[in-house]
């Protein structure tokens, strides 16, 4: 089995497992938000925004770091896993080609080129 195929199968398994996780009723009453949010606990800094439901099951508030144009955003392209703690700033998106934050218009041009 090729390495690419193995990686694809692994990614699919991770995505399926992440989708299978369900939050039990009253789960949030057992969560310590200081521990769950960790270093991303409020108060947020100037380059962060508050996510009211930023931990597993949406129990706790977290701060999401806003990435600038050109910043590495590859981690945001992952499927599944915990809620993100970084994202591209308003008006920017993560380019699948460069794995960096680019203006939305640039990403649209990349998608159009890929479709050709």
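The values are calculated or read from the model by the stated rules, or taken from the named source; none is laboratory data. It should be emphasised that the depicted structure is a prediction, and the values quoted were computed from it without experimental measurement. Glycine also receives a Cβ, built like all others from the backbone with ideal geometry; neighbour counts cover every protein chain displayed.
Table for the structure above
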read-out: Matching residues in region 51-100 - criterion: being part of a strand (DSSP E or B), under 13 Å from the mean Cα position of the chain (by Cα) and more than 14 Å from residue 41 (Cβ to Cβ); value: 66, 67, 72, 86, 87, 88, 93, 94
read-out: Matching option when the condition is assigned to a helix (DSSP H, G or I), in contact with a strand residue (DSSP E or B) (Cβ under 6 Å, 6 or more places away or on another chain) and either more than 26 Å from residue 109 (Cα to Cα) or modelled with pLDDT under 95 (or both), among 18, 37, 11; value: 37
read-out: Any hit, region 101-113, residues being surrounded by 12 or more Cβ atoms within 10 Å (Cβ to Cβ) and within 25 Å of residue 53 (Cα to Cα); value: yes
read-out: Close pairs from region 22-46: first without any contact (Cβ under 8 Å) to a residue 40 or more places away in the chain, partner loosely packed, with under 15 Cβ neighbours inside 10 Å, Cβ under 7 Å, at least 6 apart; value: 41/34; 42/50; 44/50
read-out: Number of the condition not met by residue 79 [criteria: (1) closer than 25 Å to residue 22 by Cβ; (2) surrounded by 13 or more Cβ atoms within 10 Å (Cβ to Cβ)]; value: (2)
read-out: Total residues in region 40-50, condition crowded, with 17+ Cβ neighbours inside 10 Å and assigned to a strand (DSSP E or B); value: 1
read-out: Number of the condition not met by residue 57 [criteria: (1) loosely packed, with under 14 Cβ neighbours inside 10 Å; (2) at positive phi]; value: (1)
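A quick yes/no check of all residues on (1) within 27 Å of residue 29 (Cα to Cα); (2) touching a residue at least 40 places away in the same chain (Cβ under 8 Å):
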site	(1), (2)
52	yes, no
62	yes, no
71	no, no
85	yes, yes
93	no, no
100	no, no
104	no, no
